[in-house]
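One structure below.
The values are calculated or read from the model by the stated rules, or taken from the named source; none is laboratory data. Because the structure is predicted, anything quoted here is derived from the model rather than measured. A quick note on method: Cβ atoms are made from the backbone with ideal geometry, for glycine too, and the neighbour counts reach across all protein chains shown.
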Amino acid sequence: MELNYKIFQEPCNPDIKIWRYMDFDKYKYLMNEGALYFSRSDRLKDLFEGSYPAATSLLYKSLSKQHDKIENFLSEAKAFRKFVAVNCWHINDSESLEMWKRYVKSGEGVVVQTTYSRLLNSFSGYKDDNIYCGKVNYIDFAKAPIPLQPLVPFAYKQLVYSYEKELRCLICRPPIKNGKFDWSLNMINDGIPVSIQIEKLIEYIYVAPNAPAGFDEMVKSALDKNSGNKKLIRRILPSIFRNT
């Protein structure tokens, strides 16, 4: 899907650090498939994902008498969520103990640390879809309107989620048939596996602070077996919180 406007604001620093916390099954998927999984947006926990703030409706209705058209647009935007898939990262200069607790509760997990530029470069071989990436903005949905443009809501979340400091990548597969929208089409099942170049993506892999004995070797084994690049083994390190 081609756009003539920007959905996301890109980080000012292309080498900003980003982190993806994951359990061991997701880590093995990354290594086995050489792919990042983009989840269908209407399957995410946030029920307001991809929705326009109430303030947007109020603003545009105050500027136009075409209230029915505005309501129809907002309704279609909500239905459009099943045609959008996202992959999410955490922006931070260092590991976050809070993110470990939220996303790797068992101790059997890792965080992949990369940079924004490395992430973009890792997609260089993928040609099936346009991928849009950038920072998520956190706003008060009751007070802050946003532009009434397709996909823009995916760049905004409620203030309660601001701890996520999210950098998001997005793919859209609009339900178009014979040049017209057909809402009955199923363009995305549960998500989209996006092939990447592992060696371009990974800067470091940190093993969970409460990992059980022997788990570090399992992490190294999964990487060694499937990446085809033994040099990456040296990029696996214990969490800085391992002894806290």
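Can you report the number of residues in region 123-141 which are of a type outside the set (Phe, Trp, Tyr), out of contact with any Pro (no Cβ under 9 Å at 6 or more places or on another chain) and either under 24 Å from Ala208 (Cα atoms) or in a strand (DSSP E or B) (or both)?
Going through region 123-141 one residue at a time, the tally reaches 2.
Evaluate region 153-161: report whether one residue or more is part of a loop (DSSP other than H, G, I, E, B), among the hydrophobic types (A, V, I, L, M, F, W, C) and either modelled with pLDDT of 90 or more or within 16 Å of the chain's Cα centre (by Cα) (or both).
no
Kindly check whether there is at least one residue in region 188-204 that is in contact (Cβ under 8 Å) with a residue 60 or more places away in the chain, in contact with a Gly (Cβ under 8 Å, 6 or more places away or on another chain), under 21 Å from Trp19 (Cα atoms) and part of a loop (DSSP other than H, G, I, E, B).
For region 188-204, residues in contact (Cβ under 8 Å) with a residue 60 or more places away in the chain, in contact with a Gly (Cβ under 8 Å, 6 or more places away or on another chain), under 21 Å from Trp19 (Cα atoms) and part of a loop (DSSP other than H, G, I, E, B): present.
Show the residue pairs that are 6+ apart or on different chains and have beta-carbon atoms under 7 Å apart, the first residue being within region 218-244 and over 10 Å from Tyr206 (Cβ atoms), the second being of a type in the set (S, T, N, Q) and modelled with pLDDT of 85 or more.
If the second residue must be of a type in the set (S, T, N, Q) and modelled with pLDDT of 85 or more, the pairs left are Asn226/Asn32.
Just to verify a result, which residue in region 176-202, among those that are touching a Lys or Arg at 6+ places or on another chain (Cβ under 7 Å) and surrounded by 15 or more Cβ atoms within 10 Å (Cβ to Cβ), is nearest to Val111 (Cα to Cα)?
By that ranking, first place goes to Ile202.
When the residues of region 28-43 are filtered to those that are aliphatic (A, V, I, L, M) and over 11 Å from the mean Cα position of the chain (by Cα), which remaining residue is farthest from Tyr138 (Cα to Cα)?
Residues of region 28-43 that are aliphatic (A, V, I, L, M), as a first pass: 30-31, 35-36.
Of the ones still in play, those that are also over 11 Å from the mean Cα position of the chain (by Cα) are 30-31, 35.
On the way: Leu30: 29, Met31: 32, Ala35: 28 Å.
My answer is Met31.
If the Cβ limit is 8 Å and pairs must be 6+ apart or interchain, which residue in region 156-174 that is in contact (Cβ under 8 Å) with a residue 60 or more places away in the chain pairs with which residue that is assigned to a strand (DSSP E or B) and among the acidic types (Asp, Glu)?
Once the first residue is in contact (Cβ under 8 Å) with a residue 60 or more places away in the chain and sits in region 156-174, its partners that are assigned to a strand (DSSP E or B) and among the acidic types (Asp, Glu) give Lys157/Glu166.
Pairs, please: C-beta under 7 Å, at least 6 apart or cross-chain, first residue at negative phi and in region 106-127, second buried (at least 18 other Cβ atoms within 10 Å of the Cβ) and acidic (Asp, Glu)?
Matching pairs, first to second residue: Val111/Glu95.
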